[in-house]
Amino acid sequence: MNEKQMVGEKAVEYIKDGMVVGLGTGSTIFYTIKKLGELVRGGLKIKGVPTSEQTAALAKEEGIPLVDLKEVKALDVAIDGADQVDSDMNLIKGGGGALLREKIIANAASSFIVIADSAKLADKLGTFPLPVEVVQFGVEMTAGKIETLRCIPKLRQKEGQPFITDNGNYILDCDFKRIESPAELEVKLNMIPGVVENGLFVNYASKLITIKNGELSETEQN
């Protein structure tokens, strides 16, 4: 069993009968959804709220009942991966392009469980380029404003064309090298007209499930 499968399946232990569950996007949450599918077929009764069309398709394949966010008042728990996690449990997310919906759902959940293999752990964020979702209109100007925050923004491409999010926006992958103050940068980025949301998740994680020294490790947010 690989690390992603270990942490992905461990998170399922926190899902109980009757819960409304936010389902993240990516290669690690894949294992959570597959395991949840097994449990649902065995009688577990939950409702899932997917963060992307990709996740919705996988959950439907697994027989997990889905609801739209507008149909629920709150989520009991959300589970998602991360592209990078620092020592304070701040995150960079958005490598899969679903950061806006992921942040909305994480914010709506009573508990946000982050699952990450050991390769995602870092003392400081920044070696993974920070995804920033921006509207298509005026993207060059928006990128120029972001660049003044001392990074190199690069328009994400897919098959030779600009990558389009499920919300119809572009993503700029911004190379900051090292982010000393994630909370401050999160605010500065979102103040720029044209920026829809950024992939910094500061003080969102309730619990981190990861691998340390080859063993499962769980850390709660203070």
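Where a number appears in this text, it was derived from the coordinates with a stated rule and is not lab data. What you see is a predicted model, and the numbers here were worked out from it, not measured in a lab. Note that we place each Cβ from the backbone using ideal geometry, even for glycine, and neighbour counts take in every protein chain shown.
Highest mean first, the peptides 195-203, 66-74 sorted by other C-beta atoms within 10 Å per residue fall in the order 195-203, 66-74. Relative contact order of region 130-198, taken over Cα pairs closer than 8 Å and 6 or more residues apart, is 47 percent. Specify which labelled value, from (1) 52, 38, 33; (2) 54, 48, 38; (3) 79, 48, 39, agrees with Cα extents along the principal axes in Å derived from the coordinates of the model shown. Matching the structure shown: (1). Of the residues 116, 82, 183, the one that moves most in a GNM of the chain with alpha-carbon contacts below 10 Å is 183. Scalar couplings 3J(HN,Hα) for region 147-154, obtained by applying the Karplus form with A = 6.51, B = -1.76, C = 1.60 to θ = phi - 60°, are 4, 5, 8, 6, 8, 10, x, 10 Hz; x denotes Gly and Pro.
Each Cα pair under 8 Å and six or more residues apart adds its sequence gap; the mean of these over the residue count of the chain is a relative contact order of 21 percent. Peptides 8-19, 35-46 ranked from most to least packed by the mean count of surrounding Cβ atoms within 10 Å: 8-19, 35-46. Dipole size of region 130-198 about its Cα centre, with +1 on Lys/Arg Cβ and -1 on Asp/Glu Cβ: approximately 200 debye, rounded to the nearest 20. Suppose R0 equals 30 Å. What FRET efficiency, 1/(1 + (r/R0)^6) with r the Cβ-Cβ distance, do residue 157 and residue 16 give to the nearest 0.05? E(calc), rounded to 0.05, equals 0.10.
Dipole size of the chain about its Cα centre, with +1 on Lys/Arg Cβ and -1 on Asp/Glu Cβ: approximately 180 debye, rounded to the nearest 20. Mean residue ellipticity, 222 nm, helices only, the chain: the sum of -39500 (n - 2.57) across DSSP H runs of n ≥ 4, divided by residue count and rounded to 500, is -7500 deg cm²/dmol. Amide H to amide H distances under 5 Å link residue 112 with 78, 206, 207, where only residues 5 or more positions off or on other chains count and H is placed in the peptide plane.
Look at the dipole of the chain built from charges on Cβ: of 72, 203, 214, the Cα furthest out on the positive end belongs to 72.
GNM on the chain, alpha-carbon springs under 10 angstrom: the most fluctuating residue among 182, 131, 162 is 162.
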